[in-house]
C-alpha cells in the first residue's frame, strides 16, 4: 500500500458539476485521510456516482477542486488512477478469463506486472479459495468477484480505494469477510471511500459518514466509542436525506 | 507496444472475435482462390486460341487457295482477338464477367460482331462474381460492425466500463489499442489471402500496394463510423441496428439508386441495337442497285474509286463495301454508345466520391483493368485491328489480286496486351475524405453530447 504524505488522500473543495442546466454537485467538500474509511450515504440522484467520476477524472468539474494523493484528476487523470482502486457495485470481470488472467490483464492496463508468487499472496490475503485462482470467473459469486478485485487493488498498491455499494447483495458471512478485509486495508494506511445506500453495513466499518443531499454534504457523523455510531440518529438523518 | 500485445492476447481469448476474423479470412481466401481459378480458366481459353486459330486458317487456306479468290479468304477467315486478364484480375473480375474477353472477327461489318457477346453473358451480370472485391466491399463491413458495435457498450452492459477505464492509465490508450488490434485482425484476414493471390498471379508491386491501401482506407471508413456510433451511450443492439442500417444504405440502397439515376440520366442503347442498325443497312443492300451502295462507299473511301466497274454478277468487293457502309450507318450510334459508357463510368466515379462501397469497388476495378473504360479500350483495339484487316484484304478485293496460300500468313495478327490498370487516386482520396468527414462529425457530436 502506498502511503500518503500529509494524511489527506482525497480532498474535494467546493466542487460543482453541471450537466447542461442541471447542477449535480453543489459546492461539495469532503476529505478522506490515509487510514480512514469514509462512508458517503445518499439517495438516488444525490450525486454519489458523479462524485466518484470526478475523483477518477472522468468528468471535468464546472468549479472547485479535487485532489487525490496530491494529484489533480482533471489535469493528471492517469496519475490519479494509478493511485486508485475502483471497485464497482458488481465487480464485472472477463468471463472467459480465470481469476489470475483477469488480475493480470487489469494490472497490465495500468502498466503493472505481478509474478505468480505475488498474485498467490494477494489471493491468499483476500481469502479467495485456492481452487478458484485458476478457474474461469464465470461461476464466481459476488463475494468472490469482490475478493478478486481487492486482490487486484493490493497488487496495484493502491493508496485510495473507491468502493461503490460494496455490500449490497452479499450474505452476512460475506459482508463480515468484506468488512474484515477493509479494516485490514485501513490498517495498512489506505484511504477508503465507500459510496452506498446501506446504512447498517457502512456503520459497521466507516470512521466517518457523510450525508450527500442534492449534491452537497448536509451532515457528517464521526464514529465514537465502542458502539461507533448511534444507529437511531443515523437512520433519522438518512431518512430525512432520502425524503429531501 | 505493450498495450498492443496485451490487447492482441486479450482478443485471442475472445472466441467470438477470433471466429469472426477467421470467417473473414476464409471468405477472403475462397474469393481469392475462386478469382485465381477464373483467371486461370480465362488464360487457358486464351492459350487455346493460337493452335486452334492456326488449324482453322490452315483448313481455309487449303480450300480457298485453290481458287485464289480473296473474297473467300476474307469472308471465311476469322481472326482472333483477346483481352488477357491483368495481373490483378483475380481480385476484381469486374466487367470481364459480362463482356467477352475473346472475340473472333472477320473483315465483314464489325458492329454486329462486337456485341454478339451480349447474347451469352447478361445472366452473369445479375448475381455478380464472388471475388475479393465483393468480399471487401459487401462483407468486410459486416465483420467490422460485428467487432466494433459493442466496443464500449458491451463493457458498459457487462458493468466493467468504470473499472476498466479506472484501471487503465489512459482510457483513450486502452480504446485505441483495442481498435488497432481488432482493425489489424480484420486487415490481416483480408490482406494475407490477397497477398498470397498476388504472389501467385505475379501482381505488380504498385498494384499490390494500392489494393492494400484501398483495403486500409475502406476498413478505416467503416471502423471510424462504427467507433463514432458505438461512442453514443446506447445499447449494443441499438448500435448494431444503426450500423446495419448504414451498411444497407451505403452499400446497397445508395449505389442501386445511383445506378438507376445514372442509367436514366444517360440513356444508352443496347449494343444489339447497334448490330441491328448495321444489319438492316447490310441487308438493304441486297434490295437496292449496287451502284447506290458503291457510291455511298466511295464517298467515304475515295481511294478505291478507280476500281473496275461492277457488272450484274456477284463481286466480293461490293459485298464487303456494303458491310462497311452498314458499319458507317451505325457509326453515330457506336460513338454515342462509347461516349455513353464512358459518361456513365465517369458519373459512377462521382457517386464513388460520396459512397465508400462504390469508391472501393471502382478503385479495385480500375487497378485490375476490369472497369468499363478497360472494356471500351478492348473494343477500340478490336476496331483498330479490324481496320487493319480491311486494309489488308481490300487491295486484293478491289484490285482483283489473287489470294494464295502465302497470303494467309501475311494477314495482320492481333497483338494483345493486358490492360495496365490505372491509379485510382481520386477514388482513394474520396475514401479518405469520407473517413475524415465521419471522424470530424463524430468528434463534433461527441463534444456536443459530452460523450
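Every number in this text was worked out from the coordinates using simple rules, so none of it is lab data. For clarity, every value in this text was computed on a predicted model and none was experimentally measured. We place every Cβ from the backbone using ideal geometry, glycine too, and count neighbours over all the protein chains shown.
So for B:349, A:21, B:111, fewest C-beta neighbours within 10 Å to most, what's the order?
Numbers: B:349 20, A:21 5, B:111 27.
By the 10 Å Cβ count, ascending, the order reads A:21, B:349, B:111.
If I take all pairs of Cα atoms in segment B:381-451, what percentage of them are more than 17 Å from each other?
Numbers: 1722 of 2485 pairs.
The proportion of pairs with Cα distances above 17 Å equals 69 percent.
I want the antiparallel fraction of DSSP beta bridges within chain A, as a percent rounded to 5. It would help to have the intermediate numbers written out before the result.
Values: 22 of 41 bridges.
Just about 55 percent of them are antiparallel.
Taking only C-alpha pairs under 8 Å that are 6+ residues apart, what is the relative contact order of chain A in percent?
On the way: 486 pairs, mean separation 70.4, N = 244.
Dividing the mean separation by the residue count of chain A yields 29 percent.
How many nm separate the modelled label positions at residue A:19 and residue B:299, each set 7 Å beyond the Cα in the direction of the Cβ?
With each label point 7 Å from Cα toward Cβ, the separation is 8.3 nm.
Note down the nm distance, to one decimal, between modelled labels 7 Å out along Cα→Cβ at residue A:218 and at residue B:4.
About 5.4 nm, to one decimal.
Relative to the longest principal Cα axis of chain B, at what angle does helix B:236-247 sit, 0 to 90 degrees, rounded to 10?
Roughly 20 degrees, rounded to the nearest 10.
Specify whether the C-alpha gyration tensor of segment B:262-342 places it in the rounded, prolate or oblate class, a ≥ b ≥ c being the square roots of the eigenvalues: rounded for a/c under 1.5, otherwise prolate if a/b is larger than b/c and oblate if not. Mind showing how you got there, number by number?
On the way: a/c = 4.08, a/b = 2.37, b/c = 1.72.
It is prolate, given that a/c is not under 1.5 and a/b is the larger ratio.
7 Å from Cα along Cα→Cβ at both residue A:90 and residue B:200: what's the point-to-point distance in nm?
It is 4.9 nm.
Full extension from residue A:141 to residue A:26: what is 0.36 nm times the residue separation minus their Cα-Cα distance, to one decimal in nm? Intermediate values should be presented prior to the final figure.
On the way: separation 115, 0.36 × 115 = 41.40 nm, distance 3.74 nm.
Full extension from residue A:141 to residue A:26 adds 37.7 nm.
Taking R0 as 25 Å, what FRET efficiency do you get between residue B:50 and residue B:405 from their Cβ-Cβ distance, rounded to the nearest 0.05?
Working: r = 19 Å, r/R0 = 0.77.
Computed FRET efficiency for residue B:50 and residue B:405: 0.85.
Using a Förster radius of 56 Å, what is the FRET efficiency between residue A:62 and residue B:26 based on their Cβ-Cβ separation? Nearest 0.05, please. Could you put the intermediate results ahead of the total?
Values: r = 53 Å, r/R0 = 0.94.
Efficiency, from the Cβ-Cβ distance: 0.60.
Tell me the angle of helix A:116-126 to the major Cα principal axis of chain A, expressed in degrees between 0 and 90 and rounded to the nearest ten.
Relative to chain A, helix A:116-126 is tipped by roughly 50 degrees.
Viscosity 1.002 mPa s, temperature 20 °C: what is the translational diffusion coefficient of segment A:70-164 from Stokes-Einstein with a Kirkwood Rh over Cα pairs, rounded to a whole number of µm²/s?
Working: Rh = 13.5 Å.
For these conditions, the coefficient is 158 µm²/s.
Going by Cα centres, segment B:379-416 and segment A:51-67 are how many Å apart?
The two parts, judged by their Cα centres, are 87 Å apart.
So what is the diffusion coefficient of chain A in µm² per second by Stokes-Einstein at 37 °C and 0.692 mPa s, using a Kirkwood Rh over Cα pairs?
Values: Rh = 18.3 Å.
Translational diffusion coefficient: 179 µm²/s.
How big is the equivalent ellipsoid of segment B:161-203 along its three axes, where each semi-axis is √(5λ) from the Cα gyration tensor, reported in whole Å from largest to smallest?
On the way: eigenvalues 268, 10, 4 Å².
Semi-axes (√(5λ), whole Å): 37, 7, 5.
If you take every DSSP beta bridge whose two residues both sit in the protein assembly as shown, what share of them, in percent to the nearest 5, is antiparallel?
Here the antiparallel bridges make up roughly 60 percent for the protein assembly as shown.
How big is D, in µm² s⁻¹, for segment A:12-72 by Stokes-Einstein at 25 °C and 0.890 mPa s if Rh is the Kirkwood radius over C-alpha pairs? Each step should come with its number before you reach the end.
Working: Rh = 12.0 Å.
Answer, rounded: 204 µm²/s.
Report, in degrees rounded to the nearest 10, the 0 to 90 angle that the Cα long axis of helix B:290-300 makes with the longest principal axis of chain B.
50
Sticking to Cα atoms, compute the Rg of chain B to one decimal and its Dmax as the biggest Cα-Cα distance, whole number, in Å.
Using the Cα atoms of chain B, the pair Rg, Dmax is 28.9, 101 Å.
For the protein assembly as shown, what log10 I(q)/I(0) values come out of the Debye formula at q = 0.06, 0.08, 0.11 1/Å, with one point per alpha carbon and no solvent?
One equal scatterer on each Cα of the protein assembly as shown leads to -0.55, -0.75, -1.09.
Round to the nearest 0.05 the FRET efficiency obtained for residue A:112 and residue B:441 when R0 = 35 Å and r is the Cβ-Cβ distance.
0.40
Compute the distance from the alpha-carbon center of segment B:178-219 to that of segment B:42-114, in whole Å.
36
As a footprinting exposure proxy, order A:195, B:227, A:32 by other Cβ within 10 Å, with the fewest listed first. Don't jump to the answer; show the numbers that get you there.
Working: A:195 24, B:227 20, A:32 29.
Ranking A:195, B:227, A:32 by Cβ neighbours within 10 Å, fewest first, gives B:227, A:195, A:32.
Please report the relative contact order for chain B, taking Cα pairs under 8 Å with a sequence separation of at least 6, and give it as a percent rounded to a whole number. Could the numbers behind the result be given before it?
Working: 568 pairs, mean separation 121.0, N = 451.
27 percent.
Quick one: A:40, B:310, fewest Cβ neighbours within 10 Å first, how do they rank? Mind dumping the intermediate values first?
On the way: A:40 27, B:310 16.
With the sparsest Cβ surroundings first, the list reads B:310, A:40.
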